[in-house]
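**Q** There's a structure below that I have some questions on.
The values are calculated or read from the model by the stated rules, or taken from the named source; none is laboratory data. These numbers were taken from a predicted model, which means no experiment stands behind them. Cβ atoms come from the backbone with ideal geometry, glycine included; neighbour counts cover every protein chain shown.
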Amino acid sequence: MPEITYREALRQAMRYQLRNDERVFLMGEDIGAYGGSYAVTKGFMDEFGERRVKDTPIAESVVVGAGIGAAMAGLRPMVELMTINFSLLAIDQIVNNASKLHYMSNGQIRVPLVIRMAGGAGSQLGAQHSHSLEGWYAHVPGLKVVVPATPYDAKGLLTTAFEDENPVIFIEHTALYASKGEVPEEIYRLPFGRAEVMRPGADLTLIGYSGSVHQARRAAQQLAAQDIDAEVLNLRTLRPLDVDGIIASVRKTHRAIVIEDDWKFGGFGGEIVALIQELAFDDLDAPVLRCSGADVPMPYAGALEQAALPQEAGIVALALRLCEGEAA
Amino acid sequence: MGQHGKTGTLTRHDGGAGMTGDELVALLHTMMEIRRFEEKAAEMYARGKIHGFLHLYIGQEAVATGAIAALRPDDYIVSHYREHGHALARGVDPKRVMAELFGKETGVTGGRGGSMHLFDVSKSFLGGYAIVAGHMPLACGLGLAEQYKGSDRIAVNFLGDGAVNEGEFHEALNLAAVWKLPVLFICENNFYGMGTAVQRVSALVEVYKRAEAYGMHAEQADGMDVLAMYEATARLAKRVRAGEGPAFLEAICYRFRGHSMADPEFYRTKGEVDRWRTLDPIASLKRRLLADGVLTEERVADMQAEVDDIAREAAEFAEQSPPPPTESLTRDVYVDAPSAEEGSRA
């Protein structure tokens, strides 16, 4: 299987759609002539023309709203918002229109729209360019929220997103575009609401998504050296959420830590903790913990930014606390 | 005209817009139907049959009636939250509209939407929207889709004067203009955004000039004159349909009732409202058609009886309809059509 980047995996999924579905078109800020701020759509305007690949004004609300309107009229647009930070300027369209029109119209209207954006921190971009707001979108009924961690996830989940009949918020991680992994050459689809057991384990479950999956995996390697066998779950989608997969893992390991870049207070990790205690309280041997971003606006300085994000050492320390007296 | 009645280049339209007598009578009938329907809705609200917000269109009937009569039946309509008139003018079943106001299963959206969110996709009536200006980007997208498909269907976007200071108004006008989208914007300037007079909050009170600033054709029309609305809309829709880019029509009009049923109307005088009532679009057209011999008093009485029946029957239908079953609560949050994810499940 060829090894390609997360970026290339996304490109393959988009190119497949553009070639095979005339209803699909892409629009966004600097996705055409510039090639995309993360170079995901580089060359597409030359390959598919300006009708299919549209550069838009910097006007997030109308760009997303026009995507919704075009989807209402039977097309299958993909809107790129450059980053999740700018999606705040389109949140009225996402929350008041995209998520609700199917329900409000009693099923008369469909909004098959993919909204791609880059999220996450770690590149010293400062407080206004380092958000992890996926939990906000996952809070909204009517939206699907996809958070790929690997190139394999990226291609399979984006293909599923394009073919879904609902609005999909597709959040890529800025720090992962150059990461590599094995990806089949042919097109394939990964189901929404199905987590991946990235590393099976018996002693505790580390639950991550997007960038935090990789921290969990590295922490699991460190824990293995201390005879703690951690299972790593890659959620892949936050809504729908693989509740059954999470509960099955916790029933096996009896302990869990949720890892996320997002702020801890009111974050999505709290939802996972709540579900575990509602559904598997008797299976728990310890409280479910969270290793989250610090509750501060993201600082620029490298040392401060790293201190604000979850780190392997922090995950390992929490895991050791949970497994105290259990390890051999 | 009232204290804000300066209408710039506006001229009253005196011709019959090239319409036959029957067509003129049909316009009058539609306006009378909207008026009577809403009077009945107000009555039902007072009797506790309708809840939530109820924004009446009374006084502005000429705008929706004249404009929509000038469109093709498949042209998209995207409207604001004061949209009963637009739905009825488009031919949405009054019984199902009233049932929606009652929150009944037989309503146009099964009681999901209510007064502010009427939808009838079969009539290309793509909704009433309750976030001011938040619907304008959707109209751009509908126009974009038709442009992409190469069709000559257009999108018509009704908005209020309250929308013009929202960012989405400016984003939408700019995108429509720069992409030459087939969208006709019709701004119903009734001089008040809720209870705030336009000139108190707008640096430029002539709304159509804002659209001109985006390089699109824009003009004003007398929104109290259904023929003026018909003529202007037909002319602008033709341009838009021909691919000449978006156009903008500012309809000068006035709502005779409060912003919603809860409005005590402290912000305007009774004298101002009374002056505008002398321009009642229904009474004006009626007088004209009587004077021209197109209508007789007997026919007018018959028409009044007809619209009384429509409104009464709508209320009876709504009253007799069942509420939506609570089991339907979680239906249609998502489209649950078979999708790729199901197919690939092992």
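Rundown of residues vs (1) of a type in the set (D, E, K, R); (2) surrounded by 24 or more Cβ atoms within 10 Å (Cβ to Cβ), yes/no style:
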position: B:ALA69; (1), (2): no, no
position: B:ASP75; (1), (2): yes, no
position: B:TYR81; (1), (2): no, no
position: B:HIS84; (1), (2): no, yes
position: B:GLY91; (1), (2): no, no
position: B:LYS95; (1), (2): yes, no
position: B:ALA99; (1), (2): no, yes
position: B:GLY111; (1), (2): no, no
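**Q** Which count do you get for residues in region A:51-84 that are more than 9 Å from chain B (Cβ to nearest Cβ) and farther than 20 Å from B:GLU146 by Cα?
**A** The qualifying residues number 6.
**Q** A:ARG255 passes all but one of (1) touching a Gly at 6+ places or on another chain (Cβ under 6 Å); (2) more than 22 Å from A:THR150 (Cβ to Cβ); which number fails?
**A** With (1) touching a Gly at 6+ places or on another chain (Cβ under 6 Å); (2) more than 22 Å from A:THR150 (Cβ to Cβ) applied to A:ARG255, the lone miss is (1).
**Q** Sticking with this structure for a sec: Looking only at region A:154-181, count how many residues are within 14 Å of chain B (Cβ to nearest Cβ) and either in contact (Cβ under 8 Å) with a residue 60 or more places away in the chain or part of a helix (DSSP H, G or I) (or both).
**A** So the answer is 12.
**Q** Which numbered condition trips up B:HIS55, out of (1) assigned to a helix (DSSP H, G or I); (2) closer than 22 Å to B:TYR192 by Cα; (3) not hydrophobic (A, V, I, L, M, F, W, C)?
**A** Single failed check for B:HIS55: (1).
**Q** Only one residue in B:ARG112, B:ARG96 is in a helix (DSSP H, G or I), of a type in the set (Lys, Arg) and within 12 Å of another protein chain (Cβ to nearest Cβ). Which one?
**A** One residue alone meets the criteria, B:ARG96.
**Q** Working carefully through the options B:VAL92, B:VAL63, find the one that is farther than 24 Å from B:ALA283 by Cβ and within 15 Å of the chain's Cα centre (by Cα).
**A** B:VAL92
**Q** With the condition kept exactly as written, say whether any residue in region A:92-105 is surrounded by fewer than 24 Cβ atoms within 10 Å (Cβ to Cβ), of a type in the set (Asp, Glu) and at pLDDT 95 or above.
**A** Yes, the conditions are met somewhere in region A:92-105.
**Q** Kindly evaluate A:LEU223 against the criterion of being among the aliphatic types (A, V, I, L, M), closer than 30 Å to A:GLN17 by Cα and not assigned by TED's automatic domain parsing to the domain that holds A:LEU18.
**A** Against the criterion (among the aliphatic types (A, V, I, L, M), closer than 30 Å to A:GLN17 by Cα and not assigned by TED's automatic domain parsing to the domain that holds A:LEU18), A:LEU223 does not qualify.
**Q** Quick one: count up the residues across region B:149-192 that are among the β-branched types (Val, Ile, Thr) and at the interface with chain A (Cβ under 9 Å from one of its Cβ atoms).
**A** Counting residues in region B:149-192 that are among the β-branched types (Val, Ile, Thr) and at the interface with chain A (Cβ under 9 Å from one of its Cβ atoms) gives 1.
**Q** Can you name the residue in region B:99-109 that is of a type in the set (A, V, I, L, M, F, W, C) and outside any loop (DSSP other than H, G, I, E, B) and is also nearest to the other protein chains (Cβ to nearest Cβ) among such residues?
**A** B:ALA99
**Q** Another one. Please work out if B:ARG82 is of a type in the set (Lys, Arg) and over 9 Å from the mean Cα position of the chain (by Cα).
**A** For B:ARG82, the condition - of a type in the set (Lys, Arg) and over 9 Å from the mean Cα position of the chain (by Cα) - is not met.
Each row is one residue, and each column tells you yes or no for (1) in contact (Cβ under 8 Å) with a residue 40 or more places away in the chain; (2) in a helix (DSSP H, G or I); (3) over 19 Å from the mean Cα position of the chain (by Cα); (4) surrounded by fewer than 19 Cβ atoms within 10 Å (Cβ to Cβ).
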{"site": "B:PRO137", "(1), (2), (3), (4)": "no, yes, no, no"}
{"site": "B:CYS140", "(1), (2), (3), (4)": "yes, yes, no, no"}
{"site": "B:SER151", "(1), (2), (3), (4)": "no, no, yes, yes"}
{"site": "B:ASN157", "(1), (2), (3), (4)": "yes, no, no, no"}
{"site": "B:GLY162", "(1), (2), (3), (4)": "no, yes, no, no"}
{"site": "B:LEU181", "(1), (2), (3), (4)": "yes, no, yes, no"}
{"site": "B:CYS187", "(1), (2), (3), (4)": "yes, no, no, no"}
{"site": "B:TYR208", "(1), (2), (3), (4)": "yes, yes, no, no"}
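**Q** Quick one: in region B:117-148, of everything that is more than 7 Å from chain A (Cβ to nearest Cβ) and aromatic (Phe, Trp, Tyr), which residue is farthest from B:PRO182 (Cα to Cα)?
**A** Checking each candidate, the answer is B:TYR129.
**Q** Select from region A:66-122 the residues that are over 30 Å from A:PRO310 (Cα atoms) and either outside the structural domain of A:PRO141 (by TED's automatic domain parsing) or of a type in the set (D, E, K, R) (or both) and list them in ascending order.
**A** Answer for region A:66-122, where residues must be over 30 Å from A:PRO310 (Cα atoms) and either outside the structural domain of A:PRO141 (by TED's automatic domain parsing) or of a type in the set (D, E, K, R) (or both): A:ARG76, A:ASP92, A:LYS100, A:ARG110.
**Q** Considering only residues that are in a loop (DSSP other than H, G, I, E, B) and charged (D, E, K, R), look in region A:24-70 and name the one that is farthest from B:ASN174 (Cα to Cα).
**A** The residue in question is A:LYS42.
**Q** Moving on to the next point. Does B:VAL335 meet the test of being modelled with pLDDT of 95 or more, within 14 Å of chain A (Cβ to nearest Cβ), closer than 30 Å to B:ARG96 by Cβ and out of contact with any strand residue (DSSP E or B) (no Cβ under 8 Å at 6 or more places or on another chain)?
**A** Here the answer is yes, as B:VAL335 does meet what is asked.
So that you can scan it fast, the table gives a plain yes or no per residue for (1) surrounded by 13 or more Cβ atoms within 10 Å (Cβ to Cβ); (2) aliphatic (A, V, I, L, M); (3) outside the structural domain of A:GLY120 (by TED's automatic domain parsing); (4) out of contact with any Lys or Arg (no Cβ under 6 Å at 6 or more places or on another chain):
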{"residue": "A:VAL250", "(1), (2), (3), (4)": "yes, yes, yes, yes"}
{"residue": "A:VAL258", "(1), (2), (3), (4)": "yes, yes, yes, no"}
{"residue": "A:TRP263", "(1), (2), (3), (4)": "yes, no, yes, yes"}
{"residue": "A:ILE276", "(1), (2), (3), (4)": "yes, yes, yes, yes"}
{"residue": "A:VAL288", "(1), (2), (3), (4)": "yes, yes, yes, yes"}
{"residue": "A:CYS291", "(1), (2), (3), (4)": "yes, no, yes, yes"}
{"residue": "A:GLY302", "(1), (2), (3), (4)": "no, no, yes, yes"}
{"residue": "A:GLY314", "(1), (2), (3), (4)": "yes, no, yes, yes"}
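**Q** Looking only at region B:71-120, count how many residues are farther than 19 Å from B:LEU159 by Cα and of a type in the set (S, T, N, Q).
**A** Result for region B:71-120: 2.
**Q** So for region B:282-289 (the condition being part of a helix (DSSP H, G or I) and under 17 Å from the mean Cα position of the chain (by Cα)), does at least one residue qualify?
**A** yes
**Q** Would you check if there is a residue in region A:40-49 being assigned by TED's automatic domain parsing to the domain that holds A:ARG11, more than 23 Å from A:TYR16 (Cα to Cα) and surrounded by 20 or more Cβ atoms within 10 Å (Cβ to Cβ)?
**A** No, region A:40-49 contains no residue that is assigned by TED's automatic domain parsing to the domain that holds A:ARG11, more than 23 Å from A:TYR16 (Cα to Cα) and surrounded by 20 or more Cβ atoms within 10 Å (Cβ to Cβ).
**Q** B:VAL273 passes all but one of (1) crowded, with 16+ Cβ neighbours inside 10 Å; (2) not in a helix (DSSP H, G or I); which number fails?
**A** Every listed condition holds for B:VAL273 apart from (2).
**Q** Suppose the filter is aliphatic (A, V, I, L, M), assigned to a strand (DSSP E or B) and buried (at least 23 other Cβ atoms within 10 Å of the Cβ); does A:VAL79 pass it?
**A** The answer is yes for A:VAL79.
**Q** Is it true that some residue in region B:228-244 is crowded, with 17+ Cβ neighbours inside 10 Å and not in a helix (DSSP H, G or I)?
**A** The answer is no, given that none of the residues of region B:228-244 is crowded, with 17+ Cβ neighbours inside 10 Å and not in a helix (DSSP H, G or I).
**Q** Within region A:127-136, is there a residue that is of a type outside the set (Val, Ile, Thr) and within 14 Å of chain B (Cβ to nearest Cβ)?
**A** No: region A:127-136 contains no residue that is of a type outside the set (Val, Ile, Thr) and within 14 Å of chain B (Cβ to nearest Cβ).
Okay, residues lined up against (1) among the charged types (D, E, K, R); (2) in contact with a Ser or Thr (Cβ under 6 Å, 6 or more places away or on another chain); (3) more than 25 Å from B:VAL183 (Cα to Cα); (4) without any contact (Cβ under 8 Å) to a residue 60 or more places away in the chain:
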site	(1), (2), (3), (4)
B:MET32	no, no, yes, no
B:ARG47	yes, no, yes, yes
B:GLN60	no, no, no, no
B:TYR81	no, no, no, yes
